[in-house]
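Structure first, commentary second.
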Amino acid sequence: MAASIIKHKKAIAIIFAILTVISALASMTVSVNYNMSDYLPEDAQSTIAMEIMEQEFEGSVPNNRVMINDMTIQEALAFKEELAAIDGVSDVTWLDDVIDIKTPLEIADPEVVEGYYKDQKALFSFSIRSGDEVAITNEIYELIGEDNAMAGESVNTATQQTMAGSESMYAAALLVPIIILILVLSTTSWIEPVFFLTAIGVSVLINMGTNFFLGEVSFVTQSVAPILQLAVSLDYAIFLLHSFEEYRKKVADPQEAMQLAMKKSFSAITASASTTFFGFIALSFMNFEIGSDLGINLVKGILISFISVMVFLPALTLLFYKWIDKTQHRPLFPRFKKVGNGIVKARIPTLVLVLILIVPAFLAQSETDFIYGGGEQPEATRVGSDIVKIKEYFGESTPMVLLVPKGDIAKEEELVQDLEAIENMSSVLAYVNTVSSAIPAEYLDPAITDQFYSENYSRIILQTDTRNEGEEAFQLIEDVQQTAATYYGDDVYTIGESVSLYDIKNVVQKDNTFVNTLTLLTVAFVLFVTFKSISIPLVLLITIQSAVWINLSFPYFTDTSLVYIGYLLISIIQLAATVDYGILLTDAYKEYRQELPVKEAIKRTLNEKIFSIAISASILSSVGFILWLTSSNPIVGSIGLLLGRGALLAFLMVIFFLPAMLLVFDKLIMKTTWKSNFYKEK
């Protein structure tokens, strides 16, 4: 197979070049979905409720707010009409929808009035048509100017869409020079890093192009998958070219050297790719489909990167290997030749320290305060500052829609009274209290009744004074659902951002145990096949899983909230992506252990492999921290921070803790490894 690839190197290079161009063009047609609720399973309550409301009613949940300063009642009514006249804006709600503003405001309920009008500031709620958030919010910004404020779910979506492209370019502009610098320091040729990046860059573009067949990807996948694929699979290219470099010193013919390099590095690259491949497959089994969307993309990416390194990179290298020869330079970074002795001496303190940390870290990572949505927008942005302004005067507000069966006016009136009595309920808008339960709906203009009644359902719009998520918000949702269920049984549905987040919480918490267990089992199986050992997979998994727990415990000890999606994804990604460090070190230990006593074998392993592991970890860590620094999206930012910190922790655990474990369990490893052939001292 290697000989055939070498023989047809020009044809292979041309085919990959054509595929890259086609894929780059195809990737531009792939749409990006920024709505997290779209990734809930079809049987989730909020998904079913949204489908029913779309079938029964024209409007949607008024999930955005605009605050206008220095307005009289008449000016506010005129502005309400201007806002409603914008194409794509619907369900505009203000004070006149709750009380009769022809009567003096002084005799109205002050709490109700101040929810919409306070200190000559008017607060309007409204909906924005899905899919056109950017254009519509821009038009509203033109209407309200710089001095007024707007916030809401659709506004956040529009901001994410606007920022995504520029942030991706910014991240790439920072990341590529850093990776080139790391690779230049780790190689002895100025041009070799270009070969690495070309092989993996081509695979990233082809992977993005194949998303054409999926139609759309989530914003998490769009932001994370390409950079993560680059960082994780760059090792494959490094393995192959380093092997090629070694054989060039032994064999005169470059083609023969490449054939030998492909043969030697195939098993190492396959083992490395398999752990990440099977680890990412576990993401595909998540019920919350952002996980499966990312998982499918990463699985494709790893497979395409593997093919690119084993097929395209040898062809490319043999076509331009003379450039490598012409751009040789001395090593720019000193190799670690004596660190092994110091690490082996520190094995007891290392074991004690990790054993002290591991239990509190495990407990802390499960006690973190989680966020299930996107979290708060940065205050430095227009959206973030507008949110602060609105909260300052009108507090928190989260809209919700309740659908109940139509027909029994008396029952509906009782339900509305019970809903108004629920704690944290700001207002309840229904036909029975906005129009009148005494007036039959069929006598009124459909424009009035259609917002409350469809053929089968009555719609009740709720405004709450809680955040869109958290213990208080989720308790309110349960109270509303239970109150409605006492009148209508199971035939009640709730819709809104907070309801979607409540469902996301329930779905991802169920995903957590299953997906993590599946990841551990699949990675353990790959390690078992790779090392033909029962004990080595356990030692490696304990090492990397400990790094995961320590990483995920930071938010608890620093008293910060953690985006649960990031927590769930990183617990899988960190394990799948960093176990390669352990494989590289353990594979060398196993080889050297056949000719050396255990301490000498581990010292030699550390001296020779620490540099390669440091290069891998620094690239993955750089990717994570740059994602964290450049992304305004809290979900992407949290994944970046966890990934950057996780790669560093995994490096430290593999370099210090894993050698200590190998020393302690050396005899057990020898007995539980097939044909270990370990050296025995006489």
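The values are calculated or read from the model by the stated rules, or taken from the named source; none is laboratory data. Remember, predicted model here, so these are calculated numbers, not experimental data. When we count neighbours, we look across all protein chains shown, and the Cβ atoms used for this are built from the backbone with ideal geometry, even at glycine.
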inquiry  = For Leu175, only one of the following conditions fails: (1) more than 30 Å from Lys391 (Cβ to Cβ); (2) surrounded by 19 or more Cβ atoms within 10 Å (Cβ to Cβ); (3) outside the structural domain of Leu25 (by TED's automatic domain parsing); (4) over 22 Å from the mean Cα position of the chain (by Cα). What is its number?
reply    = (4)
All positions within region 78-94 that are touching a residue at least 24 places away in the same chain (Cβ under 8 Å) and part of a helix (DSSP H, G or I) = Phe79, Lys80, Glu82, Leu83, Ala84
Unmet criterion (only one of (1) free of Cβ contacts under 8 Å to residues at least 40 places away in the same chain; (2) crowded, with 19+ Cβ neighbours inside 10 Å) for Pro659 = (1)
request  = Within region 192-212, identify whether any single residue is surrounded by fewer than 22 Cβ atoms within 10 Å (Cβ to Cβ) and farther than 18 Å from Leu234 by Cβ, and answer yes or no.
outcome  = yes
remark   = For region 249-273, pairs from a residue that is without any contact (Cβ under 8 Å) to a residue 12 or more places away in the chain to a residue that is surrounded by 21 or more Cβ atoms within 10 Å (Cβ to Cβ), with Cβ under 6 Å and 6 or more apart or across chains, are Val251/Ala257
ask   = Which members of region 380-413 meet the condition of being of a type in the set (Gly, Ala, Ser) and either closer than 19 Å to Ile68 by Cα or touching an Asp or Glu at 6+ places or on another chain (Cβ under 7 Å) (or both)?
value = Gly384, Ser385, Gly395, Ser397
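Out of curiosity, is Asp253 buried (at least 23 other Cβ atoms within 10 Å of the Cβ) and either at pLDDT 90 or above or outside the structural domain of Phe525 (by TED's automatic domain parsing) (or both)? Steps first, please.
Details: buried (at least 23 other Cβ atoms within 10 Å of the Cβ): no; either at pLDDT 90 or above or outside the structural domain of Phe525 (by TED's automatic domain parsing) (or both): yes.
The answer is no for Asp253.
Which ones in region 287-301 are part of a helix (DSSP H, G or I) and of a type outside the set (Lys, Arg)?
Step one: filter region 287-301 for residues part of a helix (DSSP H, G or I), giving 289-301.
Result: Glu289, Ile290, Gly291, Ser292, Asp293, Leu294, Gly295, Ile296, Asn297, Leu298, Val299, Gly301.
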task = Restricting attention to region 283-303, report how many residues are touching a residue at least 60 places away in the same chain (Cβ under 8 Å), of a type in the set (A, V, I, L, M, F, W, C) and surrounded by fewer than 24 Cβ atoms within 10 Å (Cβ to Cβ).
result = 2
message = Show the residue pairs meeting these rules: Cβ distance below 9 Å; 6+ apart or different chains; first residue within region 237-248 and outside the structural domain of Lys263 (by TED's automatic domain parsing); second residue buried (at least 23 other Cβ atoms within 10 Å of the Cβ) and not in a helix (DSSP H, G or I).
response = none
request  = Restrict the check to region 628-636 and report whether at least one residue is crowded, with 24+ Cβ neighbours inside 10 Å, assigned by TED's automatic domain parsing to the domain that holds Phe651 and not in a helix (DSSP H, G or I).
outcome  = yes
remark   = Going through (1) at pLDDT 90 or above; (2) in a helix (DSSP H, G or I); (3) closer than 19 Å to Val404 by Cα one by one, Ile460 fails only at (2)
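Starting from residues that are outside any helix (DSSP H, G or I) and exposed (fewer than 12 other Cβ atoms within 10 Å of the Cβ), keep the ones in region 1-30 and report whichever is farthest from the chain's Cα centre (by Cα).
Applying the filter and picking the extreme gives Met1.
Among the residues of region 375-429, write down those that are assigned to a loop (DSSP other than H, G, I, E, B) and without any contact (Cβ under 8 Å) to a residue 60 or more places away in the chain.
Residues of region 375-429 assigned to a loop (DSSP other than H, G, I, E, B): 375-381, 395-397, 406-408, 421-424.
Across region 375-429, the qualifying residues are Glu379, Ala380, Lys406, Gly407, Asp408, Ala421, Glu423, Asn424.
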key: Complete set of residues in region 272-301 that are closer than 18 Å to Gln574 by Cβ and in contact with an Asp or Glu (Cβ under 6 Å, 6 or more places away or on another chain)   = Ser272, Met286
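Going by what's in this entry, would Leu355 be described as among the hydrophobic types (A, V, I, L, M, F, W, C), loosely packed, with under 13 Cβ neighbours inside 10 Å and within 30 Å of Val508 (Cα to Cα)? Break it down stepwise before answering.
Details: among the hydrophobic types (A, V, I, L, M, F, W, C): yes; loosely packed, with under 13 Cβ neighbours inside 10 Å: yes; within 30 Å of Val508 (Cα to Cα): yes.
Considered against the rule, which asks whether it is among the hydrophobic types (A, V, I, L, M, F, W, C), loosely packed, with under 13 Cβ neighbours inside 10 Å and within 30 Å of Val508 (Cα to Cα), Leu355 comes out as yes.
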message = Checking Ala164 against (1) in a strand (DSSP E or B); (2) hydrophobic (A, V, I, L, M, F, W, C); (3) touching a Phe, Trp or Tyr at 6+ places or on another chain (Cβ under 8 Å), only one condition comes out false. Which one?
response = (1)
request  = Answer yes if at least one residue in region 590-599 is touching a strand residue (DSSP E or B) at 6+ places or on another chain (Cβ under 9 Å) and in a helix (DSSP H, G or I), and no otherwise.
outcome  = yes
